[in-house]
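The values are calculated or read from the model by the stated rules, or taken from the named source; none is laboratory data. Quantities reported herein were computed from a predicted structural model and do not represent experimental measurements. Ideal geometry is used to build each Cβ from the backbone, glycine not excepted, and the neighbour counts take in all protein chains shown. Keep in mind that these areas ignore ligands, DNA and RNA; they rest on the heavy atoms of the full protein, side chains included. Shrake-Rupley method; radii C 1.70, N 1.55, O 1.52, S 1.80 Å.
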Amino acid sequence: MAKKLSKVPVVIVGMGWAGGIIASELTKAGIKVVGLERGKERDMSDYSMVHDELRFQHREELMQDLSKETITHRNNLKMRALPMRSYGTFIVGEGLGGAGSHWNGQTYRFLPYDFEIRSLTEKRYGKNKIKSDYPIQDWGITYDEMEPYYDTFEKMAGISGETVELYGKRSNPYPTGPMVKTPVLAEFEQAAKKLGYKPYMIPSANLSENYKNPDGISRSACQYCAYCENFGCEYGAKADPVVTVIPVAKETGNLDLRTYSNVTRIVNDGRKATGVIYVDTFTGEEFEQPAEVVVLASYVFNNVRLLLNSKLGTPYDPKTKNGVIGKNYCYQVSSGYSSLYYNDREFNIYGGAGALGIEIPDFAGDNFDHSDVNFLHGAGIRTTQYGNRPIANNNSPIGTPSWGAEFKKQSIKYANSILQVKSQGASMPHTQNYLDLDPTYKDVYGMPLLRMTYDYTAQDRELVKYMAKVTRSIAKKMGPDHIDTVAEQADFNVNTDTNTHNTGGVIMGTDPNDSAVNTYLQMWDAENVFVAGSSAFPHNSSFNPTGTLGAFSYRAAEGIVKYLKKGGSLV
C-alpha cells in the first residue's frame, strides 16, 4: 500500500518548461508546491564538457529509457501496434528540465489564424473547405488574448528575433536582437528576395547577446558551438527550465522538488482529484501525495496516458468519434525539402546553433490563397545552420549507394558543400489519428503503454507536394550544381521520421463535448486538475510549439491562482 503523505496546495507532475513555469509563478505568489520529476536533478554544472556526440546524440543520455517505458505505434486500426524500441520520430526527455533541456531553441508564436482556424477558414473559403473527417476547431481563445502571455514567456527566456509583418501584432519587440546572419543564411536570403519573399531570422532561445530577465536571471550569449539539440548548454545561452524558472522557484523556499519520482496514476472519484500516486524509482516504494490541485505537466504522451490509466475523462473512440482523451493527436510534415550540392564551394556548416536559421512567412498559415489547393494551413520554408556533427552527417546525392567506396567518396566530396532548403508543415487532426492505451504491452510497473494510431493524411501529402515546388524554386536561385527534392510524403514510420513535435490528446476548447480542458487548461471533468503542455493544442501549426506551450503555461498558472482563491470552473 502506498505511504500517504501530508496534503499540499499543489502537486505538479513533470518539471520541464510547463511544470517549471507554473512552479515558478505559483511559488512567487507564496503557494507551496511539490514538483515530481521521474528523472534526475540537473544544474548547469551537469552540462560541462558535453560535446560528446556519441554519448548524447546517439546513445541519448538525456532521453527516456525505452526499455522501461515507450509507446506502441500502428498506422491504422487494422494493424497491430508494436513498441517503439529506438528513437527516430521524436525524442522524449527525462530529468529536470525535460525536453526544455535538449531542445534546439526555435521559439515562434502561433498565428492569429491558428487560434481561430475553423472560423477564419469557413469565412474565407466557405463551410465545405474543411472535410468532415478533419475535426479542426477553434481553440476558444484569440491571438490577441494570448499575446501578453507570449510576451511574458519571451522576456523570461530572452528570445532573440525580429518582428515579422505577416505574423500577429506584438506589444513589444523581442527582448534581444536576432542571431548572426552567416554566409549560409545570406545565400538563402538573397535567393528568397529575388523571388519576392520576405525572409526573417528565426526567433531563438539561444541568446544573441548577454541578457538579464525580469526575474533577475543573467545568462551569457551563444557561442555557436553547434551542440544544442540532444544536449544541455554549458554556457547557459540556451533558455532551459534548469537555468531560468526552476532556480527562481527554488529561491522562494516554496518548492519541494522530488526527483526520481515517477507518477503512475491520479487519485480521483471521476469528478475531482485528491492527489497522485508515485513510485520512488530507486527504492520502489510507493507514495500517495494528496493535493488541492493536481497539475499534469509531463510530455504529451504521458499526460494522455496518466489520464487514461487513472480513468479520468472520457477516452476518444475513433468509431463513434465520441470522447476527448486521446483525440486530435498531431505531428508535423517535414518532407518537401530540397538538398543543394556544390562542386566548387564550401561552407562552414559544422558551426552553428539549434535556432540559427532564416525563414519566409509567405507560405505559413493562410498567408497565401488556398482556394485551388487541397490542403489547409502551410509551412515554414527555411534554411537552418544547426551545426552538423561528424558521426550523424554523411551527405550524398540521391542514388548514391548507402555503403562502400562510392558512398565514402561522395560523403567526403560534399562534407562541406551541401545546403538544404527545408519545409516544416502544419498538421491537421484526423478522426483516425489518435492515442489510447495498448491492450497488450505494459511498462515496468505493469501499467499499459500508450498506443499511437497515426499516419500522414491526404492533406499532409498535398501540402508536401506544394511546398516541394517552393523549396526547389528557392534552391535553383541559390545556384548549386545539383538539387535533390523530396516531393512525396511516404507513410509515417515511428523509427525513421525526424520531426519531434507532438501535440494533442488533451485538447482545449469551449465545449466539454469536443475538448478536455478550457483555455486555462483546467479539465472540464475535474475542476482541480490542470493539464499543461502541447497536449492541449487542437492542431499543430507549422511552427515549433515551445513558445506557445510556454505562453499557455503562464495562463494556466494564472488560472490555478484564481482557482485556489475561489474554486469552480474558470470560464
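Count neighbours as other Cβ atoms within 10 Å of each site's Cβ, and list the trypsin sites (Lys or Arg not before Pro) in the stretch 127-193 that are DSSP loop with at most 13 such neighbours.
On the way: sites: K127, K129, K131, K155, K169, R170, K181, K193; in loops: K131, K169, R170, K181.
Answer in residue order: K169.
Largest accessible area first, the listed residues D269, D133 line up as D269, D133 when surface is computed with a 1.4 Å probe on the assembled protein chains. Which of the lysines could a cross-linker span from K68 if the Cα-Cα distance has to be under 22 Å and same-chain partners fewer than 8 positions apart are dropped? The qualifying lysines are K40, K442. For the chain, the relative contact order comes to 23 percent (Cα pairs under 8 Å, sequence separation of at least 6).
Would you mind getting the accessible area per residue of the chain, heavy atoms of the protein chains only, 1.4 Å probe, in Å²?
Numbers: 21940 Å² over 571 residues.
Solvent-accessible surface per residue comes out at 38 Å².
Taking every full run of DSSP H in the chain, none both stretches at least 27 Å from end to end by Cα along its long axis and averages 1.6 or higher on the Kyte-Doolittle scale. What is the calculated FRET efficiency for E165 to T431, with r their C-beta to C-beta distance and R₀ = 30 Å, to the nearest 0.05? After rounding, the FRET efficiency stands at 0.25. Mind giving me the FRET efficiency for E286 and F347? R0 is 56 Å, r the Cβ-Cβ distance, nearest 0.05 is fine. So the FRET efficiency works out to roughly 0.55.
For trypsin sites (Lys or Arg not before Pro), the sites in the stretch 44-119 that DSSP calls loop and that have at most 14 other Cβ atoms within 10 Å are R59, K68, K78, R80, R85.
Between the C-alpha center of the stretch 544-571 and that of the stretch 385-411 there is a gap of 46 Å.
Would you kindly state how much longer the chain becomes between K465 and N513 on full extension, computed as 0.36 nm times their sequence separation minus their alpha carbon distance, in nm to one decimal? Don't jump to the answer; show the numbers that get you there.
Values: separation 48, 0.36 × 48 = 17.28 nm, distance 3.50 nm.
Here the answer is 13.8 nm.
Put +1 on the Cβ of every Lys and Arg and -1 on every Asp and Glu Cβ in the chain; which of Y414, Q459, A487 then has its Cα farthest towards the positive end of the dipole? Comparing the listed Cα positions along the dipole, Q459 ranks first.
Bridgeable lysines around K169 (alpha carbons under 19 Å apart, same-chain partners fewer than 8 residues away excluded): K155, K198. Averaging Cα coordinates gives a centre for the stretch 466-492 and one for the stretch 342-363; these two points are 15 Å apart. Measuring between their Cα centroids, the stretch 174-188 and the stretch 230-277 lie 33 Å from each other. Of the beta bridges in the chain, as assigned by DSSP with both residues counted there, near 65 percent are antiparallel. Sorting S86, S417 by accessible area puts them as S86, S417; the probe is 1.4 Å, largest comes first, and only protein heavy atoms count. The aspartates and glutamates whose alpha-carbon is closer than 19 Å to the alpha-carbon of K413, local same-chain residues fewer than 8 away aside, are D344, E346, D481, D484. Only helical DSSP H runs with n ≥ 4 go in: add -39500 (n - 2.57) per run for the chain, normalise by residue count and round the 222 nm mean residue ellipticity to 500 deg cm²/dmol. Here the helix-only value at 222 nm equals -6500 deg cm²/dmol. Using r as the Cβ-Cβ distance of K250 and N210, and R0 as 22 Å, what FRET efficiency do you calculate, to the nearest 0.05? Calculated transfer efficiency: 0.45. Given +1 at the Cβ of Lys and Arg, -1 at the Cβ of Asp and Glu and no other charges, the dipole of the chain around its Cα centre is 500 debye to the nearest 20.
Going toward the positive end of the dipole of the chain, with +1 on Lys and Arg Cβ and -1 on Asp and Glu Cβ, which of M179, Y125, G100 do you reach last? The listed residue farthest towards the positive side: Y125.
With all protein chains present, how much of the accessible area of the stretch 1-85 (probe radius 1.4 Å) comes from carbon and sulfur, to the nearest whole percent? C and S fraction of accessible area: 49 percent.
With both labels modelled 7 Å from their Cα along Cα-to-Cβ, the S48 to L82 distance reads 4.5 nm. I need the GluC sites (Glu not before Pro) found in the stretch 215-307, filtered to DSSP loop residues with at most 13 other beta carbons within 10 Å of theirs. Answer by residue number: E285.
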